[in-house]
1. Between A:LEU204 and A:ALA57, take the C-beta separation as r, use R0 = 45 Å, and let me know the FRET efficiency to the nearest 0.05.
2. Applying 1/(1 + (r/R0)^6) with R0 = 25 Å to the Cβ-Cβ distance of A:VAL73 and A:THR8, what FRET efficiency is obtained, to the nearest 0.05?
3. Any aspartates and glutamates with Cα under 12 Å of the B:LYS33 Cα? List them, leaving off those in the same chain fewer than 8 positions away.
4. So what's the gap between the Cα centers of region A:55-97 and region B:1-22, to the nearest angstrom?
5. Considering Cα pairs under 8 angstrom that are at least six residues apart, work out the relative contact order of region A:65-207 and quote it in whole percent.
6. At B:SER35 and A:SER155, where each label point lies 7 Å from the Cα along Cα→Cβ, what is the point-to-point distance in nanometres?
7. Does anyone have the angle between helix B:34-64 and the longest principal axis of chain B? Alpha-carbon axes, 0 to 90°, nearest 10?
8. Taking region B:121-187, which GluC sites (Glu not before Pro) meet the DSSP loop condition and have no more than 12 other C-beta atoms within 10 Å?
Amino acid sequence: MSRIRELTKGLLRENPTLVLVIGLCPTLAITTNLWNAVGMGLSATFVLVMSNVIISAFRRFFPRSIRMPCFIVVIATFTTIVQMVLAGFFPALNEALGIFIPLIVVNCIIMARAEAFASKRGVLDSALDGIGMGLGFTMAIIVISAIREVLGSWSLFGVPITDGGFAPAQIVVQAPGAFVVLGCVIAASAFVQAARKESRRAALASEEYRARESARPRPERRPAAEGASQPGGA
Amino acid sequence: MEYFRIGFGAIFVYNFVLAQFLGLCPFLGVSKKMSSAVGMGMAVVFVMTMASVVTFLANLVLLYFEMNVFLGITVFILVIASFVQFVEMVIQKVSPALYQALGIYLPLITTNCAVLGVTQLNAARFAHWDVVPGFFASALNGFCGGLGFMLAMVLMSAMREEMEALPVPRAFRGIPSAFLLTASLAMAFLGFSGMI
């Protein structure tokens, strides 16, 4: 049960992009197109899972004072693998993502998971955590790039939605649009999370109230006029 | 003229934060107060300049041994990390006052994408230049990129200080409103696009 929680916490509750707000550079830079988002998300997930597994497996061998450089070497190795694979098999995607593939090394999400999770926990937990966090990141950038691609170039996955009929707002795929869209998506997620927390608290409170009410001995019945003037229970 | 194009482009047209989306985590994290924004900006100018210089030399060695494809990322990030560590130790020893001002920001800079970003951009852009002009172009690109970062950061912190007093809807408090402010800054900087 707790294993499943390790997997699912990255998707919504501790979503790295929308809740923790880390790993922003690729989130903003490459979300002009859905293919980019899928490619970036899967590349980062691969690096995250593999480096989490390796760091967790070797966590007892890293001297505490130089653990950061050790993590960086592990992460850089997997990033290099991703870069060479993309350059070899997906040249168009490699061209589109450009400098942001090598920059996976300094993606705060990966470093944060290595430091906060993988260097303390077992291999299986770390792998699940990596998968969850990576998919959370992928999901978030897919949502953002879907919004930006539809509004900014009126297409999905590079395919035009209709021929003409809608003049896309160029600015959404340019720099300012990226900031506006990400700001609004984070605000929306904060709003939803706050509302959920509020409703959960309300449900909990009403349950507690009902339990307390049913446990309490019932007061004797009073004449109606006197009962109406008194404030209600609780 | 070529150098002017590089410098002006790095500060305004291809501003690292507002046009290229590099270094956003420190940009949002440390821009709440003007004084810390200036401190962080200075640290970034310094580290970006020096990292450009150091990785240019490292890249020469890698190119000589033809290992830049599969060792480029690892070597660059390690050089930057150890350089930052070294700078921190030197500053602590030489100027405790400056260490007080910059010290807390220096470790953060290792994972600043702008620093690794500028070295990667330099490697792609100036590697086929002659060694001496390439060296100066890389250093200039790093220095001016850092200045652009500092400019964006100081502007942002001034706006955020004013923003503190305003009634913002609850969901937009904090990071989302900071993003909307950044968007307005980015829109202003979009005016520079096409100049170079």
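A short reminder: the numbers here are calculations on the coordinates, not readings from a lab. What you see is a predicted model, and the numbers here were worked out from it, not measured in a lab. Neighbour counts run over all protein chains shown; Cβ positions are idealised from the backbone, glycine included.
1. According to the calculation, E is roughly 0.65.
2. For A:VAL73 and A:THR8, the calculated efficiency is 0.25.
3. Here the aspartates and glutamates satisfying the reach criterion relative to B:LYS33 are B:GLU161, B:GLU162, B:GLU164.
4. The two parts, judged by their Cα centres, are 29 Å apart.
5. Computed value for region A:65-207: 13 percent relative contact order.
6. Each label point is offset 7 Å from its Cα along the Cβ direction, giving 5.2 nm.
7. Taking Cα atoms only, the helix is inclined about 20 degrees.
8. Sparse-neighbourhood loop GluC sites (Glu not before Pro): B:GLU164.
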